[in-house]
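For reference, the structure is listed below as structure tokens.
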Amino acid sequence: MKMDSLEKLAKVRLKRTIATLYKLINDEKVHLDIILAGGNSGIMCAHIAHIFYNHIAQQPPEIIRIPFVRYKPNKKEIPQNRWDNSILKYAVKNQIKEHNIESFKNILFIDTEIGTGTTSENCLKLLLEVIEYREKQELTYYIIAENFDFELFETPSNIKVHFRPPAQGIEGLYEVVTNILPEKTERLMREVFPKPPYEKQHLINVLMDLPSRSKENPLEGFNLKNNYVAQKRIDNLKTLKGQFNKNLASLIEEAVEEYKEGKIDLSNENYLGDFGR
């Protein structure tokens, strides 16, 4: 697919994601208490959600950043090479304390896409371990991500999982939403951040002043190394940031208005609906 077509598709998918979030909060009156951000794309999406909240003039939920890593560095992506993320519970615990989170009922996991659900499941497990979850405590876990044949994972009976995919994934096209990064901007940034190892979400996180984590050095967690490098080596970084974030805010505003006007229809898609139990 051509880059301009990918960028158009990314904008459509981002708008559908925002519309799905707006429907949940405005139409269904769900008050979200926490957003779990797993990995680089997750932290990007969580902060896009914060921009959305600011647009609708509502207090956003606190974001718990979890630098989740699925596989051991430089190993084949197979089950026996899963990375042990249990150490991350200390980062989760510290953030809950830092944000003075005493109780919560509704949790949002938002990402660009979801397949096996490994990240969403394990981020929830880390949170439950930290709060010493009790069976009587009722929680609802909302997942918003492009659907790549996701199947609900098992949870305790008092935890309900609701899957709200804004779109069906397209085989061979992954991380579609990250193509909101303009081709010209990407080309300039690639002079400093080549691929591999840097993916588009790394570049977007720099433009949004967000940290990223390294797949090669997962124990480092989220950090601002890329941001410091960009400040030193990209002369017009301030301009690129300004343009990107202005366009992003416009897309979010357009998504809300188009949903209100019925131009974004979330009700008639056969892959959309309430997968909750």
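The values are calculated or read from the model by the stated rules, or taken from the named source; none is laboratory data. Note that the structure is a prediction, hence the values are computed from the model and not measured. Cβ placement follows ideal geometry from the backbone for every residue including glycine, while neighbour counts extend to all protein chains displayed.
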Exercise. Filter segment 39-68 for residues that are at pLDDT below 95, surrounded by fewer than 23 Cβ atoms within 10 Å (Cβ to Cβ) and aliphatic (A, V, I, L, M) and give the result.
Key: none
Quiz item: Which ones in segment 205-257 are touching a residue at least 60 places away in the same chain (Cβ under 8 Å), in a helix (DSSP H, G or I) and touching a strand residue (DSSP E or B) at 6+ places or on another chain (Cβ under 7 Å)?
Solution: Asn205
Quiz item: Can you name the condition, by its number, that Leu139 falls short on among (1) out of contact with any Gly (no Cβ under 9 Å at 6 or more places or on another chain); (2) surrounded by 20 or more Cβ atoms within 10 Å (Cβ to Cβ); (3) over 21 Å from Tyr22 (Cα atoms)?
Solution: (3)
Quiz prompt | Among (1) surrounded by fewer than 16 Cβ atoms within 10 Å (Cβ to Cβ); (2) under 26 Å from Lys75 (Cα atoms), the one test that Phe222 misses | solution = (1)
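Given the options Thr155, Thr119, name the one that is closer than 23 Å to Trp83 by Cα, part of a helix (DSSP H, G or I) and among the hydroxyl-bearing types (Ser, Thr, Tyr). Write out each step before concluding.
Values: Thr155 fails: part of a helix (DSSP H, G or I).
Being closer than 23 Å to Trp83 by Cα, part of a helix (DSSP H, G or I) and among the hydroxyl-bearing types (Ser, Thr, Tyr) holds for just one of Thr155, Thr119, which is Thr119.
Within segment 3-22, how many residues are among the charged types (D, E, K, R) and closer than 20 Å to Gln58 by Cα? Talk me through it step by step, then tell me what you get.
If we filter segment 3-22 for residues that are among the charged types (D, E, K, R), which is where we start, we get 4, 7-8, 11, 13, 15-16.
The next check asks that each one be closer than 20 Å to Gln58 by Cα; those that pass are 15-16.
The qualifying residues number 2.
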Quiz item: Of all residues in segment 104-116, which are assigned to a loop (DSSP other than H, G, I, E, B) and free of Cβ contacts under 8 Å to residues at least 60 places away in the same chain?
Solution: Gly115, Thr116
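Matching residues to (1) under 14 Å from the mean Cα position of the chain (by Cα); (2) modelled with pLDDT of 95 or more:
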site: Tyr141; (1), (2): no, yes
site: Ala145; (1), (2): yes, yes
site: Val176; (1), (2): yes, yes
site: Pro182; (1), (2): no, yes
site: Met189; (1), (2): no, yes
site: Ser212; (1), (2): yes, yes
site: Pro218; (1), (2): no, no
Practice problem: Could you tell me which residue of segment 74-97 is surrounded by the fewest Cβ atoms within 10 Å (Cβ to Cβ), considering only residues that are closer than 21 Å to Leu139 by Cβ and among the charged types (D, E, K, R)? | Solution: Lys97
Quiz prompt | Of residues in segment 67-123 being out of contact with any helix residue (DSSP H, G or I) (no Cβ under 9 Å at 6 or more places or on another chain) and β-branched (Val, Ile, Thr), the one nearest to Glu216 (Cα to Cα) | solution = Ile78
Quiz item: Any idea which residue in segment 57-103 is nearest to Ser41 (Cα to Cα), counting only those that are β-branched (Val, Ile, Thr) and part of a loop (DSSP other than H, G, I, E, B)?
Solution: Val69
Quiz prompt | Hits in segment 98-130 (condition: of a type outside the set (A, V, I, L, M) and within 15 Å of the chain's Cα centre (by Cα)) | solution = Phe109, Asp111, Thr112, Glu113, Gly115, Gly117, Thr118, Thr119, Ser120, Glu121, Asn122, Cys123
